[in-house]
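The next block holds one structure in the form of structure tokens; read it before the comments.
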Amino acid sequence: MKLIVPFALLMTAGFIVAAGCVVPTNNGSVNASASAPSTITSDTGVKKTINATMNTPSELKGSLKVSVSGISYPENLSVVLDNETVGTVNPATPLFLMVSEGNHTVMVCRSSVCKQENVTTGFGRYVTVDFSKQFQKDVEFPNPTARILTYYKNGNVISVNVEYINPSTKDLLMSVVVSCRYTYIDDRTLLKIDDTSIDISEQYVTAGQRITEWQDLYVAGNTILNYDKPVITELKIQ
């Protein structure tokens, strides 16, 4: 006996089987395609390729050591790297830094007095910068003082170049008395006379700075036999 199946029933079964063959979308394939380059077309019709994912390499750095081992300041000094304070340093303890590759400006500051060095760092390099020599001039004069640098005679004037030194942390008003002993012949009596010329000067010196000033000592008579080295006989600090 033949089994007769209606044609409509066979068509319905076929649609059911076809629907069951649909494979669901794999979520992983979406992530994989996101990393592939994509192409877009601009308003001008030019095609551009854009990478969906870009990996930026990490910034390379080098070692930098900052020291002041040769000075006698006991306190900590500020270290400034490219206009940013990054730590402190003292004669016993240097400062170690990891700095990005390239050219940098390093400063070590004591109050308002800063010394500067330019350095170049690189990956795998060990760079050392020491500020001892730059600060040694200030160590030479730990207290405010004045000194005569040079002098010379021009006619009846002895010009003296005086340096005012203020290594302290505050601004100062400094005054000095400079004197010079000399011998001359009096034009009227023709006698040899010993005399001393004196000049007083006052200077405002900011913290950690030095300034120089010429002072003129006037001498009597036109015939100067000899004169001593000018000296600072008095120093006042306010």
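In this label model, Arg147 and Lys192 are separated by 3.4 nm, measuring between points 7 Å along each Cα→Cβ vector. Kirkwood hydrodynamic radius of the stretch 145-237, from the reciprocal of the average inverse Cα-Cα distance over all distinct pairs: 14.1 Å.
On full extension, the segment bounded by Glu140 and Thr169 gains 8.9 nm, given 0.36 nm per residue less the C-alpha separation.
Consider a paramagnetic label point 7 Å from the Cα of Arg125 along Cα→Cβ; state which residues of the stretch 58-101 have an amide N under 14 Å from it. Under cut-off, by backbone N: 60-65, 99-101.
Panel order for Arg110, Arg181, Arg125, by other beta carbons found within 10 Å of each beta carbon, from fewest to most: Arg125, Arg181, Arg110.
Evaluating 6.51 cos²θ - 1.76 cosθ + 1.60 at θ = phi - 60° for every residue in the stretch 175-181, the Karplus couplings come out as 10, 10, 10, 10, 10, 8, 8 Hz, glycine and proline recorded as x. All C-alpha pair distances within the stretch 61-140, sorted into 5 Å bins from zero, spread as 3, 16, 30, 26, 15, 7, 2, 0 percent across the bins. Cβ under 12 Å from Val162's Cβ, Val162 left aside: what net charge do those residues give with Lys, Arg +1 and Asp, Glu -1? Every neighbour counted, the sum reads -3. Sorting Glu59, Glu213 by the number of Cβ atoms found within 10 Å of their own Cβ, with the fewest placed first, yields Glu59, Glu213. Amide hydrogen proximity for Gly87: with H placed 1.01 Å from N in the peptide plane, the residues at 5 or more positions away or on another chain lying under 5 Å are Val79.
Computed extension length for Ser111-Glu234: 41.5 nm, one decimal, from 0.36 nm per residue of separation with the Cα-Cα distance subtracted.
In order along the stretch 209-215, the phi-based Karplus estimate (6.51 cos²θ - 1.76 cosθ + 1.60, θ = phi - 60°) of 3J(HN,Hα) comes to 10, 10, 9, 10, 8, 7, 10 Hz; Gly and Pro are listed as x.
Each of Asp194, Asp171, Asp130 has some number of other Cβ atoms within 10 Å of its Cβ, and from fewest to most they run Asp194, Asp171, Asp130.
Bear in mind these aren't lab numbers, they're just calculated from the coordinates by the rules spelled out. None of these values were measured; they are calculated from a predicted model. For neighbour counting, all protein chains shown are included, and Cβ atoms are generated from backbone atoms with ideal geometry for every residue, glycine included.
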